[in-house]
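Working notes, structure below.
Rule-based calculations on the coordinates, nothing more; no lab input. What you are looking at is a predicted structure, and each value in this text was computed from that prediction instead of being measured. Cβ: placed from backbone, ideal geometry, glycine included. Neighbour counts: every protein chain shown.
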Amino acid sequence: MPTIGVKRDLLFDALGKKYTDDEFQELCFAFGLELDEVTTEKQMLTKEQGDVAAAADASEEIIYRIDIPANRYDLLCLEGLVTALRVFQGKVKPPKFEFVEPAQRQVLKINPSTAQIRPFAVAAVLRNVTFTQDSYNSFIDLQDKLHQNICRKRTLVAIGTHDLDTIKGPFSYEALPPEQIKFVPLNQTQELNGIQLMDFYATHAQLKQYLPIIRDSPVYPVIYDANRVVLSLPPIINGDHSKISLKTKNVFIECTATDLTKAKVVLDTIVCLFSEHCAKKFTVEPCDVVQTDGTIISYPELAVRTERVSVKRANAYIGINEPANKLADMLTRMYLETEVDAKDGDSLNVKIPPTRHDVIHACDVYEDIAIAFGYNNIKKSLPAFMQIAKQFPLNKLTEQLREQVAQSGFTEALTFTLCSRDDIALKLNKKIEALPAVHIGNPKTLEFQVVRTTLLPGLLKTLVANRKMPLPMKLFEISDVVLADEGAEVGARNERRLCAVNCNKSAGFEVVHGLLDRVMQVLSVPWKTGGADKGYYLQATEDPSYFPGRCANVMYNDAVIGRIGVLHPSVLQAFELTTPCSVVEFTIEPFV
Amino acid sequence: MSSSETSELTERILKYLEGVEQVDSLRLAEELGIEHQLIVGAVKSIQAHGERLLHVEPVTRKSLELTEEGQEVAQNGSHEANVFASVPEEGIKRTDLLASGGASVCLDRSVEPPLVRRKVSAIRDPVLDHLLQLSELSASDVVEFKRLVQEPTIESLLLSKGPEFGTALAKLATDLTMDMLTSGEWEELPFKPYNFDALGAVPARGHLHPLLKMRSEFRQIFLEMGFAEMATNNYVEPSFWNFDSLFQPQQHPARDAHDTFYVKQSTGSRGYGYNWQLIEAEKNLLRTHTTAVSARTLYQLATRPNGFKPAKFFTIDKVFRNEALDATHLAEFHQVEGVIANVDFTLGDLIGTLQELFRKLGIEELQFKPTYSPYTEPSMEIYCYHSGLAEWLEVGNSGIFRPELVLPMGLPPGVNVLAWGLSLERPTMIKYGINNISDLVGPRVDLKMVEDGPICRLDHN
């Protein structure tokens, strides 16, 4: 969820009202935002960098940090937030965005070479913009927020904004070998080619993360003007030549993309939010984008879609009963101008503006009605059908056995499902290749390399971490391990195991054996003696994790269901234990 | 002190008392050459044999005694007198004298350098006199000499013979035994009284883990509300059920490798010409939510042989996130999930159901906040008021599954699916007052906390 920081006083000026922090929080809550933090630039610097010296000069103006839902790109800056809140409060109508046709349109031509790396581009112009320091900052911040969110860190879309009066169309979007692209990057003085640029920014705090998007490509995307001045090298950086400043009047906006839909949304969002600063508010100058096949598409689209919504269905979906005109008012407050259909009176014609690309289905409209109505004003009801509850049998057995094992004097542990390869292999004197382990493809740390194939390492680690506790320590856990299994749909399956360990001055095999006997007793499984054909018994075996001659398979109806024994001293040592341990671990799934 | 030593001492005390009218325990301690503390213990032991053996009267009094500094003064004279004494007849250089401190002496400037000389040939030392006769000091003197004299409260016992006095003590029985029952001896024997202020013996026992006690409580509540438990014993899911079936776009940030644990393909090549999108959907991962199982369950519900039937499901199981760890977040945690599918369900039904569920968890005040989730619409964050913490806490997410999710499952049109998810760790940490999740889950769990923790009764504060 993105968070934006806006100056409180600017926000209240724009909203035309001063709020207390609590009042503003309530407004946010009702609208689906969250006032995350009340802070100042100074506090943020001190907190983030601990740099008191740098913070000393910083402003003490109050800043509201507000959490914005991930699909509401139109709220990612002060301008958009204020408009949406004022519309929500019924103070203004949703703005209408209009095209202003210039004498001659700006043209952006897409060269077929871009297909190799970043095939799409869209563009627009904002005329007679008046920037203040605050609106300029907001413009830069909005691009940054869009880059971080919908643009997926510039992989899907990259935005470039330019002072149109410093460049001359038509513009050309191409892809060239990096050494052929030469320009002075934004806020630099030295000319670099594409290869030098990669080196230059390799350690740059913000930009280095974007370099891999194109670094290894044989060609880099680039936008030139008619005089071969470089506007930008997307998605890395703009040229210094066309940079916008407080004095900029006319802004050329280009978005290059690997996802055309998202590029259109980004362009619509920027022009909708910042056309507010144009001399003629909410107007945009379209551009012609020449496609590789020669066709011309006009951007931005600024499409207003009309969705027909049934009043009856909307009411039923939410569980309210409001007349059509009330619903229309509510939707209009949610930025969706709505009229009651004159013909049938049961339908609403809902206009989806270019700021609300998140509305893709009638259910999105229902949600806006519910928000405008107030979630907390909806009448609570209960579903009226009968169902008999049912436990998942394996979980029921688990619950019953947990009680029984605890009653037998063992204390329950809750250990991690993920662990290191060494935990299940090396430390237990096993070879990782021989284990049916599921490996994590992208582990961040050693702790998350594999899914455990045994509950034992977790219990041993719990023992070590609790060395201060008096002996004997008797621990157990009933939980799932995961085993690679070719027969399963995903190549792996869970297995529910019971593992118990007795840790004392002597190993005490009979303690865990006694627990096994007790569990089998409560499961009504007899000790198999003589010629009996059913039951459980122990079958001597050797296992490198266990002391020689002190290990057995736990057999149930002649199948191995687990292992019991005294741990090998080298295993104890690997887990840094100094006391002997005896262990029993077996699957409980045959007993469901 | 061993019990035989105690009985020897009690005997000596009784013998001593036999010959005197009464005695103060402090005096007795001196007489017998035994620590006062032990005398008091032995008297208690005698009393335990019978209240009427001795007459015991607690006495408190104050008595003056010298402080450490006072003892020094009593031995060497007051500081002032000492200074006087250190000035010889012929005088002494001031600097030399200052090394030992000074008063009652004067500075003779007639010689160069000036000398300190005695003004009188001898002085009296009244401080020393007072200290040597402590008993004659008045209360105001005590204040004046407070560095030298202190007046602690002394507690002792005034002992005299009781109506059933005797010099020998009968041995007291400590516990009722089988032998006593067979012999009938219990009827005659004197029993040692119990100390009801002492704690009992700790029972031998095992303990259940607090988080799993919380899991049992939640399970119970869902069962009471008629929900059926889903089988969620499959941590590894294909991306399809975890993401695609839940209408999560393939470019959604949550699908990034840095938020999800992907599983290494263990079986051979998968390169048989699928396009990229299908490969993406087939990637196996550790489920990031149990909603993956809900999606499967809905699919099963839709494809039931006898057609769709309204249903309620729940699960409480582990999920995995490849995210940054901190005091409240681990890479694996338990998700509590509820799902209800019915024809013409409303958002009001969801709110009403959650209200009843939380009432069973002991929470009456709920608020719902609009939020965004890719697979529910409307989506609501659930906030509850925690009276102990006196604040609103976000406790979970809820919503109606998007039609784009429900219809492809094969559920008939008009069926709405309500769902919500909560964390199990958060309410457990609040309930048991745990600040760091590592103290609750994983090997660093505090077993003492596990042992001492109360049972989990969410509806009981």
Sites residue B:82 and residue B:154 - FRET efficiency at Förster radius 30 Å, r taken between beta-carbons, to 0.05: 0.40
Might you report the magnitude of the Cβ-based charge dipole of chain A about its Cα centre, with Lys and Arg at +1 and Asp and Glu at -1, to the nearest 20 debye? 700 debye
Using Cα pairs closer than 8 Å and at least 6 residues apart in sequence, work out the relative contact order for region A:306-373, in percent. 38 percent
How many partner chain Cβ atoms sit within 10 Å of a residue's Cβ in peptide B:202-209, on average, as a whole number? 6
Go through A:468/B:213; B:44/B:448; A:182/A:247 and tell me which ones have a Cα-Cα distance over 30 Å in this structure. B:44/B:448
Please compute, for peptide A:368-379, the average count of beta-carbon atoms on other protein chains lying within 10 Å of each residue's beta-carbon. 5
Rounded, prolate or oblate: which one fits region A:448-544, using the alpha carbon gyration tensor with axes a ≥ b ≥ c (rounded when a/c is under 1.5, else prolate when a/b beats b/c, else oblate)? oblate
Charges on Cβ only, +1 for Lys and Arg, -1 for Asp and Glu, centred on the Cα centroid of region A:393-591; of A:426, A:559, A:571, which one is farthest towards the dipole's positive end? A:571
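Checking the a/c ratio against 1.5 first, then a/b against b/c, what shape does the Cα gyration tensor give for region A:3-89? Show your work: numbers first, answer last.
Working: a/c = 2.24, a/b = 1.81, b/c = 1.24.
Cα axes put region A:3-89 in the prolate bin.
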By how many degrees, between 0 and 90 and to the nearest 10, does the Cα long axis of helix A:78-88 differ from the longest principal axis of chain A? 90 degrees
Relative to chain A, whose Cα atoms define the longest principal axis, helix A:324-333 and its Cα axis are tilted in degrees, nearest 10, by 80 degrees
Under 17 Å from the Cα of residue A:380 - aspartates and glutamates, other chains or at least 8 residues apart: A:322, A:367, B:344, B:349, B:356, B:364, B:365, B:381
Roughly how tilted is helix A:133-148, in degrees to the nearest 10 and between 0 and 90, from the longest Cα axis of chain A? 40 degrees
If you filter region B:20-94 for GluC sites (Glu not before Pro), then keep DSSP loop positions with at most 14 other Cβ within 10 Å, what is left? B:21, B:35, B:51, B:89, B:90
Checked against the positive end of the charge dipole of region B:192-241 (+1 on Cβ of Lys and Arg, -1 on Cβ of Asp and Glu, about the Cα centre), the farthest of B:204, B:216, B:241 is B:204
Residues of type aspartates and glutamates that residue A:91 reaches as a straight line, Cα spacing below 16 Å, ignoring anything fewer than 8 places off in the same chain: A:13, A:79, A:329, A:337
Can you give the FRET efficiency to the nearest 0.05 for residue B:198 and residue B:387, using r as the Cβ-Cβ distance and R₀ = 25 Å? 0.10
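Please arrange A:20, A:39 by how many other C-beta atoms lie within 10 Å of their C-beta, fewest to most.
A:20, A:39
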The rounded separation in angstrom of the Cα centers of region A:205-270 and region A:121-191 is 4 Å
At a Cα cut-off below 20 Å, give the aspartates and glutamates reachable from residue A:534, other chains included and same-chain residues fewer than 8 away excluded. A:517, A:558, A:589
Please arrange B:333, B:243, A:120 by how many other C-beta atoms lie within 10 Å of their C-beta, fewest to most. B:333, A:120, B:243
Could you list, in their original order, any pairs among B:62/B:161; A:264/A:326; A:430/B:264; A:96/A:326 whose Cα atoms are separated by more than 24 Å? B:62/B:161; A:264/A:326
Determine Rg/Rh for chain A; Rg is computed over alpha-carbon atoms and Rh is the Kirkwood hydrodynamic estimate from the same atoms. 1.12
Assertion target for A:181, A:223, ordered by fewest C-beta neighbours within 10 angstrom first, is A:181, A:223
Mind checking the full-extension length gain between residue A:199 and residue A:1? Use 0.36 nm per residue of separation minus the Cα-Cα distance, one decimal, nm. 68.0 nm
Once you've got the Cα coordinates, tell me which of A:93/B:369; A:109/A:262; A:145/A:168; A:7/A:42 are over 21 Å apart. A:93/B:369; A:145/A:168
Rounded if a/c under 1.5, otherwise prolate or oblate - region B:278-417, Cα gyration tensor axes: oblate
Given Cβ point charges of +1 (Lys, Arg) and -1 (Asp, Glu) and nothing else, what value in debye, to the nearest 20, does the dipole of region A:233-362 about its Cα centre take? 320 debye
